[in-house]
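Data block below; observations after.
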Amino acid sequence: MSKPPDNPIYFMEQGNPAIAQWKQAFEMFSRKDAHTFTLIVPPDVVEEGKNVRMIQEMIVALQHYPHLIDKFIFAVELKFQQIADSELYYQKDDWKTDSKYYRWFCKMGTFPLVLFFLDDKDARLYTLAGDIMADRKVRTEKVEGKKYSLLSFEGKQVQLLTNRLANACWMFHLYCHGSSFNPQTSIEYLLAEFNLPITYEQVRKGYEADVKKGIKLRVK
């Protein structure tokens, strides 16, 4: 689809049933006392590496509620069930040391906007680099007196991750285009978090150049 420069460029056409399906959940989260938007993930979803569409669909539907975008930034929590239809959940230390979660997050990251909504910093890292981590292609260095290790991405890995992050930031500009939400602060925060060789100015200039040429969005 193609839109004039000042109009929103919707990833999902108005009238799509999915938009209405999320309306009640969005309205509940719009309350002043709501700060975390929690999605429950059944165990078979991660075990079989499937169904990453739920959060992706939620984000696309949210574009039609632009007044809520700001509240949703880095506010989506994923809770992973140990047993389906139960209230038993894995602790963060459990799923953060299991490579199948790295792959699952990375698969979810094929829709790059996910990076801007997950509340957990490590989950955002897995979304960007989970495949590299799961394949143990990243150098690790233990930190004395700490339980965690430092990760070191090198060479082509840095370029790959930079391209992925740049694509996510470009797409977030597109997502917010024509809305009342200014994506700059959120993009700058994410760029600072990953500390990759890319600046907001580069992202913005590239996006503005593409707008002038005309943006066409193909939705599958």
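List of remarks:
- Using θ = phi - 60° and Karplus 6.51 cos²θ - 1.76 cosθ + 1.60, couplings along the stretch 121-128 (whole Hz; Gly, Pro as x): 4, 5, 4, 5, 5, 5, 4, 7
- Point-charge dipole on Cβ atoms (K/R +1, D/E -1) for the chain, about Cα centre, debye to 20: 660
- With the highest mean first, a sort of the peptides 12-23, 165-176 on other beta-carbon atoms found within 10 angstrom per residue produces 165-176, 12-23.
- Ellipticity at 222 nm from helices only: DSSP H runs of n ≥ 4 in the chain, each -39500 (n - 2.57), divided by the residue count, give -14000 deg cm²/dmol.
- Candidate aspartates and glutamates - alpha carbon under 19 Å from K212, same-chain residues fewer than 8 apart omitted: D6, E201
- Placing dummy labels 7 Å off each Cα toward the beta-carbon, the span from S86 to R136 is 3.0 nm.
Any read-out appearing in this document is the output of simple, stated calculations on the displayed coordinates, not a laboratory observation. These figures come from a predicted structure and were not determined experimentally. Using ideal geometry, Cβ is built from the backbone for each residue, glycine included, and neighbour counts are taken over all protein chains shown.
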